[in-house]
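Chemist: The structure follows.
The values are calculated or read from the model by the stated rules, or taken from the named source; none is laboratory data. This is a predicted model, so every value here is computed, not measured. Neighbour counts are summed over all protein chains in view; Cβ atoms, including those assigned to glycine, are modelled from backbone coordinates with ideal geometry. The accessibility values were calculated without ligands, DNA or RNA, using every heavy atom of the protein model including side chains. Shrake-Rupley method; radii C 1.70, N 1.55, O 1.52, S 1.80 Å.
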Amino acid sequence: MPSAAEIAWLIPVLPLFGALITGLALISFNRSINRLRKPVAISLVSCVGLSAAISYAVLAEQLSGGPPVEHLFVWASAGSFTLPMGYLIDPLGAVMLALVTTIALLVMIYSHGYMAHDKGYVRFFTYLALFSSSMLGLIVSPNLLEIYVFWELVGMCSYLLVGFWYDRDGAAHAAQKAFVVNRVGDFGLLLGILGLFWATQSFDFQGIADGLANAIASGTVPTWAALTLCLLVFMGPMAKSAQFPLHVWLPDAMEGPTPISALIHAATMVAAGVFLVARLEPLYSQFPSVGFVIALVGTITCFLGASIALTQMDLKKGLAYSTVSQLGYMMLAMGCGAPVAGMFHLVTHAFFKAMLFLGSGSVIHAMEDVVGHEPVLAQDMRLMGGLRKKMPITSITFLIGCIAISGIPPLAGFWSKDEILGNAFNTFPALWFIGFLTAGMTAFYMFRLYFLTFEGEFRGGDKELQLVLLSAAGKDEDEEADHQEAELHESPWSMTYPLIALAIPSVLIGFLGAPWNSRFAFLLNPAEALEMANSFSWGEFLPLAAASVAISTAGIALSVFAYYLNRINLNKLIVQRFPSINSFLANKWYLDLINEKIFVKGSRKLAREVLEVDAKVVDGVVNLTGLLTLGSGEGLKYFETGRAQFYALIVFGGVIALVALFGVFGGS
């Protein structure tokens, strides 16, 4: 009987097979297949479920000490050049496979309830299966070239899902923005991959690291070129994992259905960038300056996302900027030379962020019955409040997620975030301080989201406020929904079950990374785990952990006084006193405006100028050539008389002209 690792190639193939069959059926028998909603959903969920079962078996084998397994075959060859493809199973891949299949499975179950009345139900499930397959294929890829293939497939699927409601202008624009911004990063990634192959003649991760080290030592590749190639490759993760300044696509991606927001933010697209940096750790560890750049970018992203989240009133966008901030923490860990800490935070974050997004979807699902389906109304926290009484499961799980992401022990977020801050303190103290401040901001804005949504009195019946919000968003005022009499209610079991399932690891999984005996580290890097256990000191751990918990508690306390007890009026205290700062944060550091003016309008201006050159110069040359040809043809047609004497006369005249010409020039 083959081991789980031997059949691990089925993990990405099963969802791909289901997606291809359903997709072909949609193309060929659209009406018929759209009537088979439940059978299609069950079949695709089963495909992902089987992938999850194999993934758990693979993870169990790695936990029991099984060796890494790599199966390769020659995809292409020319002379001495061979291009291998195949799959690789190791502890890092096993963890990611189990994580992605778990989140994807729960998201698909949740989608059955959330998308129940959507006309694109079958298409959505097909995209979900294809998205999951692409990410799983990326994880098992044994070299950079194969990763790039699946990297682009992940990007394509995100484009399809962000723009799933393509008839909405916002969704169409968000999909285009995600596509364009990621092309910028992917262009750098492709250049870096090709450059590394030129320098090392390898696409293999360890082969690239060893080859580049040898090339630098022998002098065939200068150090500056190696650094450039490393940074070019990092551009791919910068875009995929929404790092400054290529983060701008991620908040806009909230225009897609909420289940896909959960999948993108928890386990697929944004996780791909962090995973790739972890895969390339043997390469990046050779260059401390590259590590510093990664840590610096991560720290800026971390602080930027948290600061913008402070002012967001859209529930999903508040969570989106929270994801940007948490991804910054992961990159900070990678830059500090602590990929295990970064991956551990990726795992813990995946569970509580998926739960938070699915919880927001549950809230929006209920709000749509009251205020209508316009996102401006259904997602605005100014129209929420008091939902805890009507939606107890959603509110409890959302609260657990808020506590976890705030870094309050013993929930999962505390252990992973504290490990990152500890590594940053020992490596780059200045960057640690910024991450430390961000922890307090995170706790504040997350409990702000919770209190505005679930506590206080319900504000959704305020028609005047609805009209104001619609007007501010440039919407028609006839958007007063026909659902004003509907009652708020808890979501169906298909939506609440995944929330409960995600709440359990959000509470417990952090214990796997306890620094005095990190079983997570022992799985990914036994040598590092042993060093951590031997060097662990309560005298170092407790002060940093206490400081982290203290600032998070302070952030929660400020949120309680401002939004629950209403004892502090932050509008008077901060917003009115410092309007420029509030405007700066509310306008997202003006980065979207800068991109609009420089890149969008600039590229349009350049395109218009190129069009002018094309119309006046290129077309002018072409038209002139045509006119000359036409004119010469019109003139020469009179020489076509059909008389031999006339042609002989022309030849004789030509000969006389040539003799005269040679005579003149020959004499000179």
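Chemist: Between Trp9 and Leu591, take the C-beta separation as r, use R0 = 41 Å, and let me know the FRET efficiency to the nearest 0.05.
Modeler: 0.45
Chemist: Something else now. Which stretch or stretches of the range 307-333 have amide N atoms under 11 Å from the point lying 7 Å from Asn566's Cα along the Cα→Cβ direction?
Modeler: Counting backbone N atoms under 11 Å from the label point, the list is empty.
Chemist: On average, how much accessible surface per residue is there in the range 106-234, in Å², for a 1.4 Å probe, leaving out ligands, DNA and RNA?
Modeler: Counting only protein heavy atoms, the per-residue value for the range 106-234 is 37 Å².
Chemist: Moving on. Between the range 225-259 and the range 487-504, what's the alpha-carbon centroid distance in Å?
Modeler: 31 Å
Chemist: Keeping every protein chain present and rolling a 1.4 Å probe, give me the accessible area per residue for the range 374-431 in Å². Display every interim value, and only then the final one.
Modeler: Values: 1780 Å² over 58 residues.
Heavy-atom accessible area per residue stands at 31 Å².
Chemist: Let a ≥ b ≥ c be the square roots of the eigenvalues of the Cα gyration tensor of the range 21-151; is it rounded (a/c under 1.5), or, if not, prolate (a/b larger than b/c) or oblate?
Modeler: Since a/c reaches 1.5 but b/c is at least a/b, the shape of the range 21-151 is classed as oblate.
Chemist: Determine how large the accessible area of Leu593 is when every protein chain is in place; take a 1.4 Å probe and give Å² rounded to the nearest 10.
Modeler: 90 Å²
Chemist: While we're here: Which residues in the range 174-198 have a backbone N closer than 15 Å to a point placed 7 Å from the Cα of Ser80 along the Cα-to-Cβ line?
Modeler: Flagged as within label range: 198.
Chemist: Then there is this: Around Ile89, what is the net charge, scoring Lys/Arg as +1 and Asp/Glu as -1 over all other residues with Cβ under 10 Å from its Cβ? Write down the numbers at each step before the final one.
Modeler: Working: positive: none; negative: Glu6, Glu61, Glu70, Asp90.
Every neighbour counted, the sum reads -4.
Chemist: Given the whole protein assembly as supplied and a 1.4 Å probe, what does the accessible area of Leu130 come to in Å², nearest 10?
Modeler: 40 Å²
Chemist: Still on this structure, I have one more. Percent relative contact order of the chain, based on C-alpha pairs within less than 8 angstrom and at least six residues apart? Working shown, then result.
Modeler: On the way: 1005 pairs, mean separation 74.7, N = 668.
Result for the chain is 11 percent.
Chemist: Related question: At 7 Å along Cα-to-Cβ for each site, give me the label-to-label distance between Val149 and Ser603 in nm.
Modeler: My value for the distance between the label points is 2.8 nm.
Chemist: Testing the spin-label approximation: label points 7 Å from Cα along Cα→Cβ at Ile500 and Leu624. State their distance in nm.
Modeler: With each label placed 7 Å out from Cα toward Cβ, I get 8.0 nm.
Chemist: Roughly to the nearest percent, how much of the accessible area of the chain is carbon and sulfur, given a 1.4 Å probe?
Modeler: Percent of accessible area from carbon and sulfur atoms in the chain: 67.
Chemist: Of the listed peptides 381-388, 560-567, what is their order by residue-averaged count of other C-beta atoms within 10 Å, with the highest listed first?
Modeler: Those peptides, ordered most packed to least, come out 381-388, 560-567.
Chemist: With a ≥ b ≥ c the root eigenvalues of the C-alpha gyration tensor of the range 77-185, is it rounded (a/c under 1.5), prolate (a/b larger than b/c) or oblate?
Modeler: Taking the square roots of the gyration eigenvalues as a ≥ b ≥ c, the range 77-185 is oblate.
Chemist: Also, quick follow-up: Please arrange Trp538, Trp75 by accessible surface area, largest first, computed with a 1.4 Å probe and ligands excluded.
Modeler: I get Trp75, Trp538, largest accessible area first.
Chemist: State, as an integer percentage, the relative contact order of the range 44-118 based on alpha-carbon contacts under 8 Å between residues 6 or more apart. Walk me through the intermediate numbers first.
Modeler: Numbers: 63 pairs, mean separation 27.7, N = 75.
Rounded, it is 37 percent for the range 44-118.
Chemist: Rounded if a/c is under 1.5, else prolate if a/b is larger than b/c, else oblate: which is the range 533-601, with a ≥ b ≥ c the root eigenvalues of its Cα gyration tensor? Intermediate values should be presented prior to the final figure.
Modeler: Working: a/c = 4.32, a/b = 1.47, b/c = 2.95.
Cα axes put the range 533-601 in the oblate bin.
Chemist: Which of Ile434, Asn566, Ser471 sits farthest toward the positive end of the charge dipole of the range 431-582, with +1 on the Cβ of Lys and Arg and -1 on the Cβ of Asp and Glu?
Modeler: Selected residue: Ile434.
Chemist: Further, regarding this structure: Per residue, how much accessible area does the range 235-357 have with a 1.4 Å probe, in Å²?
Modeler: So the range 235-357 comes to 14 Å² accessible per residue, rounded to a whole number.
Chemist: Okay, moving on. Take the Cα pairs of the chain, get the Kirkwood Rh, then feed it into Stokes-Einstein at 25 °C and 0.890 mPa s and tell me D in µm²/s.
Modeler: 90 µm²/s
Chemist: Using mean Cβ contacts within 10 Å as the protection proxy, how do 411-420, 112-121 order, highest first? Display every interim value, and only then the final one.
Modeler: Numbers: 411-420: 26.7, 112-121: 16.4.
Put in order of decreasing packing, that is 411-420, 112-121.
Chemist: So what is the diffusion coefficient of the range 483-563 in µm² per second by Stokes-Einstein at 20 °C and 1.002 mPa s, using a Kirkwood Rh over Cα pairs? Walk me through the numbers on the way to the answer.
Modeler: On the way: Rh = 16.8 Å.
Translational D for this selection: 128 µm²/s.
Chemist: Right, another one. Need one number: nm distance between label points at Ala53 and Leu191, each 7 Å from Cα along Cα→Cβ, rounded to one decimal.
Modeler: Each label point lies 7 Å from its Cα, and together they span 4.8 nm.
Chemist: Pairs to check: Lys119/Lys390; Lys353/Lys475; Lys177/Lys317; Lys177/Lys588; Lys240/Lys316; Lys240/Lys353. Give those whose C-alpha atoms are more than 22 Å from each other in this structure.
Modeler: Lys119/Lys390; Lys353/Lys475
Chemist: Ok, one more. Net charge within 13 Å of Phe436 by Cβ-Cβ distance, Lys/Arg positive one each and Asp/Glu negative one each, not counting Phe436 itself?
Modeler: 0
Chemist: Ordered by packing density, taken as the mean number of other Cβ atoms within 10 Å over each peptide's residues, highest first, how do 334-340, 618-624, 450-456 rank?
Modeler: By packing density, highest mean first, the sequence is 334-340, 450-456, 618-624.
Chemist: Please work out the FRET efficiency for the pair Leu573 and Ser471, using the Cβ-Cβ distance as r and a Förster radius of 35 Å; give the result to the nearest 0.05.
Modeler: Step by step, r from the Cβ atoms, then E = 0.80.
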